[in-house]
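Heads up, the thing below is written out as structure tokens.
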2 protein chains.
Amino acid sequence: MNGVTRREQLRAATELDIRRHARELLVREGQEAVTLRAIARELGITAPALYRYYDSREDLLHRLSEDICDDLSAELSETMRGIEDDHLSKVFAVCRGFRSWALTHPREFGLVFATPGGNAGANAGVDAREPAPTATTVPATRSDELGSVFLGVVGPLMAEGANNSPPPRIPEELRAGLADSQRDLAAAFNTHGIEMPPEALSAEAVYMLLRWWARLYGQVALEVFEKFPFDVSHADRLFESMLEELGREAGLYR
Amino acid sequence: MNGVTRREQLRAATELDIRRHARELLVREGQEAVTLRAIARELGITAPALYRYYDSREDLLHRLSEDICDDLSAELSETMRGIEDDHLSKVFAVCRGFRSWALTHPREFGLVFATPGGNAGANAGVDAREPAPTATTVPATRSDELGSVFLGVVGPLMAEGANNSPPPRIPEELRAGLADSQRDLAAAFNTHGIEMPPEALSAEAVYMLLRWWARLYGQVALEVFEKFPFDVSHADRLFESMLEELGREAGLYR
DNA sequence: TTCCCGAGTTAACGGCGTTTACTTCGCACC
DNA sequence: GGTGCGAAGTAAACGCCGTTAACTCGGGAA
């Protein structure tokens, strides 16, 4: 009848259960408490059984971090559903959503956005690394919902602002490098099925995008890790003022 | 003759040796390879002996991160020794120095600047946390060389720019919070023995300082953790352009 | 000279990731 | 309806790990 056997159903169910308990441990007790034995204990099975589902603890953490990305994407999408204003408002909403998600999920944030290298979690879109796996393999890594959300909200803004934003004085040495990024970004928009007029992908727009991400990430990471030089009780207002500033610089305000 | 006994000398020497080997492990194989047993092995000693020097592995990592801060401070000071230009150039030099240190010491950067909470490594200056230890204890935590370096280079710039920087339009809701930060910052300058005219500590200046740190930290962390949305081969030029932009916004350029 | 105390050791505990060899049992096939 | 394969799970073991407790031993103060 159905193309999925009972065995596959069960397998998928416990696979999900494993990551559910893993995540609970991550949230409750931190990354190093996410232990194969602890997960197995909570599931009422023995640790080696987990190797039927994951190659190693590291593999499990990697999948977990992908789950987290997907959940973040879903939350951001949901947040944005209520916003029907202009494109800039949506971008603001996503930024605020990202911040409050990070502050309420510090452990998840740490795993996904502050683990060096291969994690691949947060490269929202392209990921042109890896030496190309003999071609013919299209889906490659994963859905990358998060990239879609970010690009989906930034895209329209870029398209709209294509010819009304003031040129932000790009240093000449940067233009060559930005051209590469332009190609990458165009490919990403394409991959995620967002149509984007080529003239909207100006070097200025790419530069703007990079600055948005750098500042958003910086401010949020500083808050999550509590690495501000002194206690800033007004971090939320600081964040708002950063957004306002970015909007102003993008020449898209009001 | 000397106020320090032979015993104390030896103790200090091995204490240093322990952290030297710990650091080597951190750099070579990452944080989770910094193992009491591994350190002891390299020292030709057994693991429990380390408990004569540190309360726990966590304690050791904490001290190690303080060491790292001190080394970073030393490196930044050294870098700055060659700069005899205006104050802005020195700030630029420190920022560039911080970036290149982070890129050449990613593991150390991760330990000090991306470990949440108590680590206390990177709160460059004040650290008004902790419930005040009954007073009478002045030195409290540690030297905090890093705070001195940063403040020492930012201070003169703030003093100089006291009345020639354009007001950066601070949102009204921010001013109250910034007033708190002003006090904290003033206390920090005082603690580090840097004289600072009170009128130089305007809300604008504090706001500027926070933005500098947020952007510097953000860009550097993005590079270290490779979390840029796509591969930016031109990250160095992006960084330079960020510095230029910050300088321009501070109204202190040229 | 005596004796203390601190650096270091040995042995042990429980927990960890991972591998190997094994049981068990659902389910596809004849 | 029986047969057998393969997947899910287990038990035991290996070598790590942090940490504790009980000890040795020797340098230096009394």
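Annotations for the structure displayed:
- Other copies of B:Glu160: label-to-label distances in nm, shortest first, labels 7 Å along the beta-carbon direction: 4.2
- Calculated FRET efficiency for the pair A:Ser100/A:Leu10, C-beta based, R₀ 51 Å, to 0.05: 0.90
- Neighbouring partner chain Cβ atoms per residue of A:171-181, average, 10 Å criterion: 4
- Nearest chain B C-beta to the B/A rotation axis, reported as residue and distance in angstrom, is B:Gly218, 1.
- Largest first and in whole Å, the equivalent-ellipsoid semi-axes of the range B:1-54 read 25, 12, 8, each the square root of five times a Cα gyration tensor eigenvalue.
- Between B:Arg37 and B:Glu195, the distance separating the two model label sites (each 7 Å from Cα on the Cα→Cβ line) works out to 5.8 nm.
- On the beta carbon distance between B:Asp17 and A:Asp71, with R0 = 30 Å, the FRET formula returns roughly 0.05.
- Set of lysines with alpha-carbon distance to B:Lys227 below 24 Å, sequence-local pairs under 8 removed: A:Lys90, A:Lys227
- Projecting 7 Å from Cα along the Cα-to-Cβ direction, the label point of A:Gly30 sits 1.8 nm from its equivalents in the other copies, listed shortest first.
- Placing a label point 7 Å from Cα along the Cα-to-Cβ direction at A:Asp70 gives distances to the equivalent points in the other copies of 4.9 nm, listed shortest first.
- With a cut-off of 12 Å between beta carbons, the residues surrounding B:Asp71 carry a summed charge of -4, where Lys and Arg count +1 and Asp and Glu -1.
- Basic side chains Lys and Arg get +1 at the Cβ, acidic Asp and Glu get -1 at the Cβ, and with that the dipole of the range A:1-54 about its Cα centre reaches some 180 debye.
- Shown in residue order for the range B:91-99 are the 3J(HN,Hα) couplings computed by the Karplus curve 6.51 cos²θ - 1.76 cosθ + 1.60 at θ = phi - 60°: 4, 4, 4, 5, 4, 4, x, 4, 4 Hz (x for Gly and Pro).
The numbers here are math on the coordinates, done by the rules we state, and not lab data. Just so it is clear, the model here is predicted, and its values are computed rather than measured. Methodologically, a virtual Cβ is constructed for each residue, glycine included, from the backbone with ideal geometry; neighbour enumeration extends over all protein chains shown.
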